[in-house]
1. If the elastic network links every pair of Cα atoms under 10 Å, which of B:Ala109, B:Ala357, B:Ala20 fluctuates the most in the Gaussian network model of chain B?
2. Between region A:16-51 and region B:130-177, what is the separation of their alpha carbon centroids in Å?
3. Would you mind ranking B:Cys184, A:Cys224, A:Cys174 by Cβ crowding within 10 Å, fewest neighbours first?
4. For region B:81-153, what is Rg from Cα atoms divided by 2.2 N^0.38 Å, rounded to two decimals?
5. Counting Lys +1, Arg +1, Asp -1, Glu -1, what net charge surrounds A:Ala88 among other residues with beta carbon under 13 Å of its beta carbon?
6. Charges at C-beta only: +1 for Lys and Arg, -1 for Asp and Glu. How large is the resulting dipole of region A:97-182 about its Cα centre, in Debye rounded to 20?
7. Which of B:Gly292, B:Gly186, B:Gly133 moves the most in a Gaussian network model of chain B with Cα springs under 10 Å?
8. Using Cβ contacts closer than 10 Å as the measure, can you line up B:Thr219, A:Thr48 from fewest to most?
Amino acid sequence: MDALIFFFNKVLVTGTVEGSVYALGAVGVTLIFGILRFAHFAHGDMMTMGAFIAFLLALGLAATGMTFPVPTGFVVLPLAMIITAVIALGLDRGFYAPLRRRGARPVALLIASIGVTLVIQGLIRLFFGVDTRSFFEHEPKGIIRIPTTAIGGSRDISFTQPQLLMIILTVVLCVALHLFLTRSRLGKAMRAMADNADLAQVSGINTAVVVRVTWIIAGALACCGGTMLALDVSLTPDLAFNIELSIFAAAIVGGLGQAYGAIAGGFLIGFAETLAVFDWSVLLKPLQGIIPFQINTGLSLVPTEYKLSVSFVILVIVLLARPTGIFKGASS
Amino acid sequence: MNRVARPLLLYVGLVLLIVAVALLNGAPYASRMLVEAGAYALIVLGLNIQWGYGGLFNFGIMGFMMVGGAAVTFMSYPLNDNFWHSDGPILLGHAIVAAAIGAAIILGAREVHRIGIRGGWRTALITLAWLVGYIIFRSQMDPAVAYVLANGGWVGGLGLPVVWGWAFGGLAAGAIAYVIGRICLGLRSDYLAIATIGISEIIRQLIKNSQWLTRGTLTVSPIKWPTPLPQDYQAMGVDLQSSLLYARGGYFIVVAVIVAVVMFLLARAYHGPWGRMMRAIRDNYIAAGSMGKNVTARQLEIFVLGSVLIGVGGAVLVSFTQIFDPNSYQTINHTFFIWVMIIVGGAGNNWGALFGAIFIYVVWLLSEPVAQALFTTISVWSTQLGWGAIPDIESRSLQMRVFVLGLVITAALRYAPRGLIPERAQTSR
């Protein structure tokens, strides 16, 4: 029983949290790809930027001396999401819109997103340096423990308060996104444009508005995902790059252009990474009698250092076996 | 401005810029800058083959540079007697045999369709074979690695001349590019970019964590030069400044000769039938394919060729700085940096690529002192206004490099989308 609880604490909780973060990032990537047809390489940096904005706001709020029942990071999140969405709109206007107006190929937009990556990274490092920061410098990280003696365990099921809030928030956001895409006029216009931009335009859809809404959603979700990751682990400028590849893997596994695919892909990648570095010896120990060989500790599928590689191996396999993703996605 | 005057003017401007740097910071500084810019030129020329000639999105430059760096370290570093006198070589031999057995199992599983096992069962068998092969390999590799780390620390080098190391760097990068290309080149633009960026990250983690082979984060130094070191000149009684200049000058001549030879060969290839075929494939691979060109094979060819140059460039850089530190490799400072060079210089034009490499490297180096001067000035003002000084000016100006790079590539895309020295349209008269 204890082994199962350990598995729950280590894999289910971590996997769900990581999956949530990847899903929120991948939705943005996939929406931008669906509407504008280019891989937005600066998305990881947008997430980091959002996290830093939330961090600044949280610092400001903490300075006023007010206390809240939830971590300050969550209190300021809505405002940070709005600010990041506005910045995302500004980035589009400053960097991508001029290229689109000139009729540049999507490839040029992809290269432009490298420029955006460099600018955002440069600015973050200019203002915040390269140090590691934490949202929980001034307040404790609440830990929720559920005793399991009732079902015969001696270990507690434990997770942190932010982790619980994150999972709830992700569910809420996913439902909201689903309602937006299926029920609202704008959401339907977005899906139409992702399917066929020219057809959408001739049928009277205001594509400029759709593009703007895409950036707003992508920016807001990026901020949310970035802040959640920073709340769960810690905040560094390198955050961007460590998740960038995983969110792209998630978006591609789900099928580029498919919002639901991106959410599924995010959780798939999150769990795959967690399972791959999980120490299976703990689960196998009770079965020692049945298994013919000696079980040592440290029996993980891949060493922890190669955690990032897991998403790529999945990515490459999916690209080779089913290039359009698990859900049928767009091709450039 | 016509075709010749514009590049000529740009190059004259570049020479003046370099002379200005040499006058301001001294000749040894400028000579170091030129050597490194020369190595970057090799890398950019490699990318120019892939992207400029062939239209392949290679975002894995960092990985190939690291392979080159690790290769030159392995070839030219002195022998590690502790390792060779221990059981390490035998254990590693076992691991290689295990890898061969694993590979044989996988290859065997791929052929089961010959004995009538097809479809889903074949896929399942191949997957199982991969798993079994992986377990066999890990069962031999893990103890070997642990043993080598405990006895002797790492494998050490082979003690061969540096130039061999450069060649081996190119060879190793090419071999890896062949494998990657076989797997990934079927992917189009964005997908290829993401796949290669992922592979370069895997290569980085492999090299960083293979402590038994590359010493990982413990770093390896000093790596030899093909030409005499400054210390050698100093031993002959030359003073510090001149010794730096002589030594770096010697190194620069070697690099410049390589760049010149590569440029000459590439120009020949570009204007020959091979270059025309490559451009045809780049501009319309469907049409080229229907004209009987083997698109996949040709793309693999340029992917390998370009990666060889990137590997050599990476090796030249590492042996110049004399230290191989896997931690110093970052996608921003390597892959994206090289992309800025080629976009600003002009993809598809070797003179543009060369210009981009040198110009962007100079901008990269100069943006730090310029930012520092700017911040110091602002700091003085803000202190006078009573707002206080800017803290940590030095570390902040270092970060400005990345920001400036971002602005430069954005401006280039906006105002010179085909680069400063664009590819010339080939027209027949």
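1. So, out of B:Ala109, B:Ala357, B:Ala20, the one fluctuating most is B:Ala109.
2. A separation of 36 Å, based on Cα centres.
3. A:Cys174, B:Cys184, A:Cys224
4. 1.46
5. 0
6. It works out to roughly 540 debye.
7. Of the options given, B:Gly292 has the highest mean-square fluctuation.
8. Ascending Cβ contact count within 10 Å gives the list B:Thr219, A:Thr48.
Bear in mind that the values in this text are calculations on the coordinates, not laboratory data. Everything quoted here is computed from the prediction, not taken from an experiment. Glycine gets a Cβ as well: all are built from the backbone with ideal geometry, and neighbour counts include every protein chain shown.
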